[in-house]
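Novice: First, the structure itself, so that you have it in front of you.
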Amino acid sequence: MSKPATLSTVEVRKQNRNRVYRHLIALPEPITKQDLAYQLSMSLPTLTQNMRELAQAGLIGSTGTTDSTGGRRPKLIAAIPDARYAVGIELTSGHIRMVAVDIQQNELAFQVLNQSFENTEEYGRRLLSLLEHFLSEHELKADKLLGVGLTLPGIISADQSTIEYAPTMGIREPTENRITAPFSYPHRLDNDATCGGFGEWWNKPNRENMAYLSLGRGVGGAILMGGRLYAGENHRSAEFGHMCIHPGGRLCDCGRRGCLEAYCSSARLSTDLDLTLDEFFAELQNGNESYQHRWEEYLNDLAAALSNIHIMLDCDVVIGGSVSQYLPAYEERLRAKIRAQDPMTSQGEYFHFCRNHSKTNCVGAAVRFISDFIETV
Ligand SMILES: [Zn+2]
């Protein structure tokens, strides 16, 4: 009989420690022990014990004292943001983006490199050596690294052994994942938009249900429901880019016609016109008529996609990917289009823009390791 009781005491202690740590991570400013006890409704002896354990683990520390009038000035306590960090690496057909973020998701380092993708061990080894160079250049110590999240625009099997399908990376049938074989650090390979969606959701105050729509060279997404990522039966949920929005329409990279990706890929506004996105939007501002026409069509198709996602899932939709950074200027027009198309859901108030735009997927891949770590503290 004694064993379960002991276990539950350990569990309660762990939960308390976790609450203290999470609370400190979320606070914008250092806090006194007294205020922390009050905010957490925790007794001072319990809080003191938890703080001792967290300090011994190097996760929290004292940052000075308050400007108190008279008497002993109370110490201020805060989480140590760079006690640990994680790396996100986003792979696309021609680029590698690397980001390192600390426990509070402050960016410690970011780099974009030109490198053509190959699903080979040689590419994996090159990636590893670029990562090691990145870490040493920014004086990031390997013993504090929680893990390396790798993402690419494609469907990855749940056990990460197979890249099932990644047409923009030249993979059209299930192929063994050879990229991560040389990796000695803890790592995980996952779909880019899944990572981006996870990162956005994890930062929502109450982790409300949410869908994520990523508008990059590929169009993808993620569904976060009931407090977790919904991966789907075959690990291919939320492939919003391959929803058919124009039956028999434009040919998509997936081989079918009329997919959202064929209309709302960043390529429609850049490489198809031999331009960068910046150049497209600059020309659009200058009143280029043919670009205005193209952009109008893009917004119509995007409004249709957002309406479809919202009708299916009835939750907020967060828009990310490289196109998202240009969208806030057209927010009202997009909402007006949604209102016109979608009488059921009235004002189109359900869509928002992501926090990190083109870095969202990369940061999200790192956030998954931070989330796992915080769960275990
Ligand atoms: Zn498609």
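The values are calculated or read from the model by the stated rules, or taken from the named source; none is laboratory data. Here the structure is a predicted model, which is why all the values come from computation and not from measurement. Don't worry about glycine lacking a Cβ; one is built from the backbone with ideal geometry, like all the others, and counts go over all protein chains shown. Calculation scope for accessible area: heavy atoms of the full protein, side chains included, ligands and nucleic acids excluded. Shrake-Rupley method; radii C 1.70, N 1.55, O 1.52, S 1.80 Å.
Novice: Identify the single condition in (1) open to solvent by less than 30 Å² (accessible area, probe 1.4 Å); (2) at pLDDT 95 or above; (3) farther than 17 Å from Ser214 by Cβ that Leu327 does not satisfy, given that it satisfies every other one.
Specialist: Against the list (1) open to solvent by less than 30 Å² (accessible area, probe 1.4 Å); (2) at pLDDT 95 or above; (3) farther than 17 Å from Ser214 by Cβ, Leu327 comes up short only on (3).
Results for (1) within 24 Å of Ser322 (Cβ to Cβ); (2) out of contact with any helix residue (DSSP H, G or I) (no Cβ under 7 Å at 6 or more places or on another chain), shown as yes or no for each residue.
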{"position": "Leu113", "(1), (2)": "yes, no"}
{"position": "Phe117", "(1), (2)": "yes, no"}
{"position": "Leu128", "(1), (2)": "no, yes"}
{"position": "Leu150", "(1), (2)": "yes, no"}
{"position": "Arg178", "(1), (2)": "no, no"}
{"position": "Trp201", "(1), (2)": "yes, yes"}
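Novice: Scanning for something free of Cβ contacts under 8 Å to residues at least 60 places away in the same chain, within 18 Å of Gly221 (Cα to Cα) and within 15 Å of the ligand (Cβ to nearest atom), does segment 267-282 turn up at least one residue?
Specialist: Looking only at segment 267-282, we keep the residues that are free of Cβ contacts under 8 Å to residues at least 60 places away in the same chain, and these are 267-282.
Narrowing the set further to residues that are within 18 Å of Gly221 (Cα to Cα) leaves 267.
Going one step further and asking which of them are within 15 Å of the ligand (Cβ to nearest atom), we end up with 267.
Within segment 267-282 (the criterion being free of Cβ contacts under 8 Å to residues at least 60 places away in the same chain, within 18 Å of Gly221 (Cα to Cα) and within 15 Å of the ligand (Cβ to nearest atom)), the answer is yes, since at least one residue qualifies.
Novice: Need pairs with beta-carbon distance below 9 Å; first residue under 15 Å from Leu302 (Cβ atoms) and within segment 239-255, second more than 10 Å from the ligand (Cβ to nearest atom) and acidic (Asp, Glu); sequence gap 6+ or separate chains.
Specialist: Note: pairs meeting the criteria are Ile245/Asp301; His246/Asp301.
Novice: If I ask for residues that are more than 24 Å from Arg217 (Cβ to Cβ), crowded, with 23+ Cβ neighbours inside 10 Å and touching a helix residue (DSSP H, G or I) at 6+ places or on another chain (Cβ under 9 Å), which ones from segment 339-377 would you list?
Specialist: Listed by number, the list holds a single entry, Ile370.
Novice: Next question, about the same structure. Please give the number of the condition His235 fails out of (1) touching a residue at least 40 places away in the same chain (Cβ under 8 Å); (2) touching a Leu at 6+ places or on another chain (Cβ under 8 Å); (3) away from the ligand (no atom under 13 Å from the Cβ).
Specialist: (2)
Novice: A further question follows. Can you tell me which residue in segment 218-232 is farthest from the ligand (Cβ to nearest atom), limited to those that are surrounded by fewer than 19 Cβ atoms within 10 Å (Cβ to Cβ) and part of a loop (DSSP other than H, G, I, E, B)?
Specialist: The selected residue is Gly227.
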